[in-house]
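Structure record follows, encoded as structure tokens.
The values are calculated or read from the model by the stated rules, or taken from the named source; none is laboratory data. In this text the structure is predicted, and so the values were computed from the model without any measurement. All Cβ positions, glycine included, derive from the backbone under ideal geometry; neighbour counts span all protein chains shown.
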Amino acid sequence: MGIVYYGKYLELFEIGRTEWIRTFWKSYAEIERDGYFLPVIQCYVKYQKSFEYDDLITIHCQPISFTNTRIQFYYNLFKQNECEVRVLGITEHVFLDHAKKIVRIPSLLTNQMKNKISDQVFLFPQFCKSSLVSTK
């Protein structure tokens, strides 16, 4: 068929989430060394258009909400240098300690998330933003 297997998109979400966390907090390896784990407890994927083998994929990820113990991330996947969203999704994670007990999200991360959560739940590559038309 020549198209990417649907289950691979969750791996792409993980890559985007891992890089977001690394950029705004610390590496996932450091998080685990500190005794925290962030398992997925819920996910949603909407497949709007398939990717083909060898397509280069741009992953945009950002947190959209969090509580004391949970965090949700939103994802948009684009073909490189295109502005059309092909796959979008949401994952929800809970913070666990080394004993697999639910714990509070560390305050350093919640402070970062407060500054990064957007009221608008859509993410576009930088080059697409100039081509977006306001509906207001």
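Some notes on this structure:
- Pair list, Cβ < 9 Å and 6+ apart or interchain, from region 48-66 residues that are over 30 Å from ASN111 (Cβ atoms) to residues that are of a type in the set (Phe, Trp, Tyr) and part of a strand (DSSP E or B): ILE57/PHE78
- Filtered by the rule that a residue be modelled with pLDDT of 85 or more and either in a loop (DSSP other than H, G, I, E, B) or basic (Lys, Arg) (or both), region 84-126 gives GLU84, ARG86, PHE95, ASP97, HIS98, ALA99, LYS100, LYS101, VAL103, ARG104, ILE105, PRO106.
- Note on region 24-38: residues that are surrounded by 14 or more Cβ atoms within 10 Å (Cβ to Cβ) and basic (Lys, Arg) total 1.
- Taken over region 1-13, the criterion of being within 18 Å of LEU56 (Cβ to Cβ), within 16 Å of the chain's Cα centre (by Cα) and free of Cβ contacts under 8 Å to residues at least 40 places away in the same chain is satisfied by LYS8, GLU11.
- Restricting region 1-36 to residues that are out of contact with any helix residue (DSSP H, G or I) (no Cβ under 8 Å at 6 or more places or on another chain), closer than 20 Å to THR69 by Cβ and not in a helix (DSSP H, G or I) leaves a set whose member that is modelled with the lowest pLDDT is LYS26.
- Any hit, region 68-82, residues being touching a Cys at 6+ places or on another chain (Cβ under 9 Å), in a loop (DSSP other than H, G, I, E, B) and not aromatic (Phe, Trp, Tyr): yes
- Residue list for region 49-68, restricted to those being over 17 Å from the mean Cα position of the chain (by Cα) and of a type outside the set (Asp, Glu): LYS49, SER50, PHE51, TYR53, LEU56, ASN68
- In region 39-66, the residues that are part of a loop (DSSP other than H, G, I, E, B) and surrounded by fewer than 17 Cβ atoms within 10 Å (Cβ to Cβ): PRO39, GLN48, LYS49, SER50, TYR53, ASP54, ASP55, LEU56
- Of all residues in region 9-23, those that are of a type in the set (Ser, Thr, Tyr) and loosely packed, with under 14 Cβ neighbours inside 10 Å total 1.
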